[in-house]
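Written below as structure tokens is the structure these notes are about.
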Amino acid sequence: MIRRITLLCLCATYLLSAVACSKRASTPQLLVQIPPGFSGNFVLDMGVRGASPLQKKGEDFVVTVPRSGKVETSTFLQQPNVAFKNGSDGRIWGYSQSMFTTGDGISIGGKIEFFVGTQKEFEAEQNKKNKSWGTPTLESVVS
């Protein structure tokens with residue numbers, strides 16, 4: 001009888017621990033709203049001095065993609081969980097998050113980037129980026 005009670009208590013403790021560990025992490029949530037008709041690159045620069053903070057809806061931060069495709073904010077989210085509300089016809093391609101730190105490892109800013117459009121449009125944009133870096137020619141090296 002004592003063994004059964006002990007086993008039951010251990011199972012209950014395990015279940016309570018599992019439930020407590022599975023609760024939503026304290027990582028901030030960011031909702032990116034993509035309006036209908038938007039196509040192109042989007043860049044969110046975070047931690048920019050003098051810029052407006054991101055809007056909040058409940059516990060979540062919200063950013064709406066403008067026509068320019070660029071947003072600067074004073075808000076700095078370290079590795080946020082990002083969700084998309086995509087009202088456009090395109091898909092999201094090339095998503096990346098970057099963090100900027102000082103020499104001693106203190107986080108000071110970040111960037112979120114992605115492209116909205118068709119796969120063909122995304123690949124064309126990638127080709128433009130690769131060509132903008134330029135491939136050195138013999139003439140440019142000799143000059």
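Every number in this text was worked out from the coordinates using simple rules, so none of it is lab data. Note that the coordinates shown come from a computational prediction; the quantities given were computed from them, not determined experimentally. In this analysis, Cβ positions are derived from the backbone assuming ideal geometry, glycine residues included, and neighbour counts consider all displayed protein chains.
Brief remarks follow.
- Farthest toward the positive end of the dipole of segment 49-137, out of LEU77, GLY103, SER88, is the Cα of SER88, where the dipole comes from beta carbon charges about the Cα centre.
- Packing-based order for 44-55, 119-130, 96-107, using average beta carbon neighbours within 10 Å, highest first: 44-55, 119-130, 96-107
- Contour minus Cα-Cα distance for ASN81 and THR118 (0.36 nm per residue): 10.9 nm
- Among the listed pairs LYS85/LYS128; LYS70/LYS120; LYS85/LYS120; LYS57/LYS128; LYS56/LYS131; LYS56/LYS120, those with a Cα-Cα distance over 32 Å are LYS57/LYS128; LYS56/LYS131; LYS56/LYS120.
- Residues PHE42, PHE84, arranged from fewest to most other Cβ atoms within 10 angstrom of their Cβ, appear as PHE84, PHE42.
- Site pair LYS111 and ARG49 shows an inter-label distance of 1.9 nm when each label is modelled 7 Å from Cα along Cα→Cβ.
- Likely footprinting exposure, ILE34, ILE108, ILE2, ILE92, fewest C-beta neighbours within 10 Å first: ILE2, ILE108, ILE92, ILE34
- FRET efficiency, 1/(1 + (r/R0)^6) with R0 25 Å, evaluated for ASN130 and ARG67 via beta carbons: 0.50
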